[in-house]
Amino acid sequence: MASWREQLAFAPLETLERGEEIGRRLRHAIELGVLEDGAQLPSESDLAARMCVSTLTLRTALAELRHLGLLETRRGKGGGSFVRANIGDIAKAQLDALAAYSLEDLLDIREYRAFLAGSAATAAARRSQQVPIGRLASMAARIETAGTPSEMTRADSRFHIELAATSGSGLFTRQEMAMQAEVGALVWIDNSGQRCTAGKAHTLIVDAIRSGDAIRARALAEDHVRRDMNGLIDLRMSMEPPPPESPPGNDDIDRLIAAVELFAVNLEGNVAASIKTVEEAVQADLDRAKNGKLDELTNVYEAARRNLTGAIPAVYGMGFAADPSYFGEMGFLWCYITSDPESPQRMDLDLKFYDYSTAPWWPGNDVDDEAHASYAYVDAFGANEYVVTFSKRIMKKGRMAGVAAVDILVRGLQAAFDPFLRSLPSNTCIVDQNEVVIATNTASLVGGMLSQSHQIEQRIALPSVPWNLCIGVSTETRD
């Protein structure tokens, strides 16, 4: 039976670019330590059959790996293709692999891995009387005797795969194997003191499963995975180079806070200017309109495109949303930034199932006619990610014609505030009016929300925006 490492590295391919995919997968497996130094690959015919490719395609990929110095071929009896993995090269490859992930990627992986581990632990605890736990307990103890980073990685990965298998779900097991192939080795890039922590966590999870305590087993498994992934996220955040004009250092907290406040003011100023431009275009079109129809507003798209071109990276889109009571219909005149920031595109939405008058950014009766920022929400009909929308109602002859608005990506806010937050004390974040974290310098706060149980050393209301800078947030909630 193939080992779990072989199952990860040699699984059948699913993409059409098979030659390139073979080389990429095997190189990734070698560089991240899934295939260890000195390991012998299966024969070419066997490996081609496993990966569902032709022998010719496989040979081309193996030749490229030999050229890169990651494989060597030995002739004669006992010959074949053998892995050549340099420890220094692996460490660099791991850091390069981590750098390729965005903060949002790692956050998604953190929550998905926590869900997998928690669900597997829950299922295993519920069936603890029907399945043997001895093998899982044995896997949990192996990390304590691991001596090298590769041994620690292997012991940790095998425990999590065995945990998934103990749940009785083949789907959980396959998904856990895929996650281990993707980030299992990366978790152990910086392993100082991690072995002891992981060993204790594994033991506690096994004890909870053995006792049939599904709630505790889930909590322990999720906490263990999130703690590991938070370390990885912290490392990824530290890899960002400082901007050319970095803010002052740690020795001047007041100046750092002032820099954050100034950025917030400038951000709101840029947004307000964009909203004003859209509003002026709408008003001018309404003055020229003969029938008061939405399709007579012809200059709004150009105004939005002009403002989006060269806008700060956090801005995603802007435009006008019509008030149906004014135009007799719902409609968007909206542009957004694609992968090319210099070429904003017109957004066409099917409004059949979308009543935007209930959206967080639509002004209520208690809102004045100034621009306001919504709380962070998932824009399921546009960016399909967390955004904050600044909006302002547009009035015409005492009636509301609609709303001019600008969307700001929360991940863009994280990137924009990062140069300032990085030099502030750890466990610092910026939260919106619902206490949702929109930027932080600490992984445990990424994607989180502050509650009354969190302790905060210093809370500062930022000018012009409904956000607060929170310094010294407790990472552990009080009971």
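Numbers below:
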{"item": "Selection count, the stretch 402-442, where residues are over 20 Å from V271 (Cβ atoms), assigned to a strand (DSSP E or B) and more than 19 Å from the chain's Cα centre (by Cα)", "result": "0"}
{"item": "Meets criteria (surrounded by fewer than 20 Cβ atoms within 10 Å (Cβ to Cβ) and more than 19 Å from L232 (Cβ to Cβ)) for A123", "result": "no"}
{"item": "Within the stretch 47-130, helices (runs of 4 or more DSSP H) holding 1 or more residues that are aliphatic (A, V, I, L, M), within 31 Å of the chain's Cα centre (by Cα) and under 30 Å from R227 (Cα atoms)", "result": "87-99, 103-126"}
{"item": "Y112 vs. criteria among the aromatic types (F, W, Y) and closer than 20 Å to F172 by Cβ", "result": "yes"}
{"item": "Residue in the stretch 334-348 that is within 21 Å of F381 (Cβ to Cβ), small (G, A, S) and more than 26 Å from the chain's Cα centre (by Cα) present", "result": "no"}
{"item": "For Q180: the one exception among (1) out of contact with any Phe, Trp or Tyr (no Cβ under 9 Å at 6 or more places or on another chain); (2) within 16 Å of R110 (Cα to Cα)", "result": "(1)"}
{"item": "Flag for A137 being assigned to a helix (DSSP H, G or I) and under 22 Å from I215 (Cα atoms)", "result": "yes"}
{"item": "Selection from the stretch 277-295 of residues that are touching a residue at least 60 places away in the same chain (Cβ under 8 Å) and of a type in the set (D, E, K, R)", "result": "E279"}
{"item": "Failed condition for A29, given (1) modelled with pLDDT under 85; (2) more than 24 Å from the chain's Cα centre (by Cα); (3) crowded, with 16+ Cβ neighbours inside 10 Å; (4) not hydroxyl-bearing (S, T, Y)", "result": "(2)"}
{"item": "Odd one out for R236, checked against (1) within 22 Å of I109 (Cβ to Cβ); (2) buried (at least 23 other Cβ atoms within 10 Å of the Cβ)", "result": "(2)"}
{"item": "Near pairs, Cβ below 7 angstrom, 6+ apart or cross-chain, from the stretch 124-143 (in the same structural domain as A219 (by TED's automatic domain parsing)) to any residue that is assigned to a helix (DSSP H, G or I) and surrounded by fewer than 17 Cβ atoms within 10 Å (Cβ to Cβ)", "result": "A140/T203"}
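The values are calculated or read from the model by the stated rules, or taken from the named source; none is laboratory data. Because the structure is a prediction, the values reported are computed rather than measured. A quick note on method: Cβ atoms are made from the backbone with ideal geometry, for glycine too, and the neighbour counts reach across all protein chains shown.
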